[in-house]
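Enquirer: Right, I'll just put the structure down here and ask away after.
Coordinate-derived values only; no laboratory data. This structure is a prediction, so every number in the text was calculated from the model and none was measured. All Cβ positions, glycine included, derive from the backbone under ideal geometry; neighbour counts span all protein chains shown.
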């Protein structure tokens, strides 16, 4: 059957949203609004797979919501909400726990990386959260998901779960009038330069809110002076910028800064190098400072204004949750019929 085109994606509320979150995810969310109906979620149930301070979590949820709005997501035209307010996410996740296979989850490389050598002591939620991610997407029967390279494996799992559900219950799906498939096969949307932004202190590591050094990242709430200082102190090498992309292959810090500039200006690395090839980093960094402050300064200011009005943020989340629940509830009622549960 043909599925209505719909985009779903989410961001964890774990504090300190940074340039990597913006360029790798949120800026894409804003662009997708022009072409799709979109549902954007603050995935607070994913956040608690590791312990979160109950005093800080509400602030982090509101901060992500503020970032969505400050960056240009329109919560009136599209749906913005937090996951825990729509119980159908967790309900469908349990159904998917019974569809997914242990072997599939055991192959998830991100779990292995996060758990490290202490796998026996991590939460069951950290192990099983890819099935919740599948439920997040499929409870809306979403067809497209903007993802970074590190989430592609989880989206593949979502596709596997959707396919197995469709196969396992094919007769019941047809009986209830849904043709040969109830869930779509969601497609990844990976676009544009700098989808993977690296640390300003080490070009081999992804920019991360957990890095001990605040100089490793540009936070979305940083003011102009802080942004400028961090870029000027960013690690580089003594050579001038190359004129072609091939010259960046063995220079991770240079590659990262050029990628950031390209993404902020909505151009390509090749175009950036045509403009700055042969220039010293001092010249390039000055231009990058100007561009970064112009792009990020207004976002940080608007985020601070919105966070200072928690009643407004909560009203946005409540409205979005009500609209999301209407869609999710219909999906869950159909799922219960398909798998043979008795309901009112």
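Enquirer: With a Cα-only, solvent-free Debye model of the stretch 214-305, what are the log10 I(q)/I(0) values at q = 0.14, 0.17, 0.24, 0.25 Å⁻¹?
Expert: After summing over all Cα pairs, the log10 values are -0.48, -0.69, -1.24, -1.32.
Enquirer: Another one. Report, to the nearest 10°, how far helix 224-233 tilts away from the longest principal axis of the Cα atoms in the chain, using its own Cα long axis and a range of 0 to 90°.
Expert: Once rounded, the angle reads 70 degrees.
Enquirer: In degrees between 0 and 90, to the nearest 10, how far off the longest principal axis of the chain does helix 310-339 point, with axes built from Cα atoms?
Expert: Rounded to the nearest ten degrees, it is 40.
Enquirer: Work out, step by step, the length gained on full extension between residue 112 and residue 16: first 0.36 nm times the residue separation, then minus their alpha carbon distance; give nm to one decimal.
Expert: Roughly 32.1 nm would be gained on extension.
Enquirer: Does the stretch 22-99 classify as rounded, prolate or oblate by the C-alpha gyration tensor (a ≥ b ≥ c root eigenvalues; a/c under 1.5 gives rounded; else a/b over b/c gives prolate, otherwise oblate)?
Expert: oblate
Enquirer: Given Cα positions, please report Rg to Rh for the chain, the hydrodynamic radius being the Kirkwood one.
Expert: In the chain, Rg relative to Rh is 1.00.
Enquirer: At 0.36 nm per residue, and after removing the present C-alpha to C-alpha distance, how many nm does the segment from residue 121 to residue 268 gain when stretched out fully?
Expert: Length difference between fully extended and current span is 48.5 nm.
Enquirer: Pulled fully out, how much extra length does the chain show between residue 330 and residue 286, if you take 0.36 nm times their separation in residues and subtract their Cα-Cα distance?
Expert: 10.5 nm
Enquirer: What value, in deg cm²/dmol to 500, does the helix sum -39500 (n - 2.57) over DSSP H runs of n ≥ 4 give at 222 nm once divided by the residues of the chain?
Expert: Calculated from helices alone, the mean residue ellipticity at 222 nm is -16000 deg cm²/dmol.
Enquirer: Next question, about the same structure. Helix 252-265 sits at what angle to the longest principal axis of the chain, using alpha carbons and giving 0 to 90 degrees rounded to 10?
Expert: That works out to roughly 70 degrees.
Enquirer: Okay, next question. Mean separation of Cα pairs under 8 Å and 6+ residues apart, divided by the residue count of the stretch 214-305: what relative contact order is that in percent?
Expert: Value for the stretch 214-305: 40 percent.
Enquirer: Right, here's the next one. At what distance in angstrom do the alpha carbon centres of the stretch 46-85 and the stretch 244-302 lie from each other?
Expert: 29
Enquirer: To make sure I understand, if each residue's beta carbon is the centre and we count other beta carbons within 10 Å, what order do 267, 221 fall in, fewest to most?
Expert: Neighbour counts put them in this order, fewest first: 267, 221.
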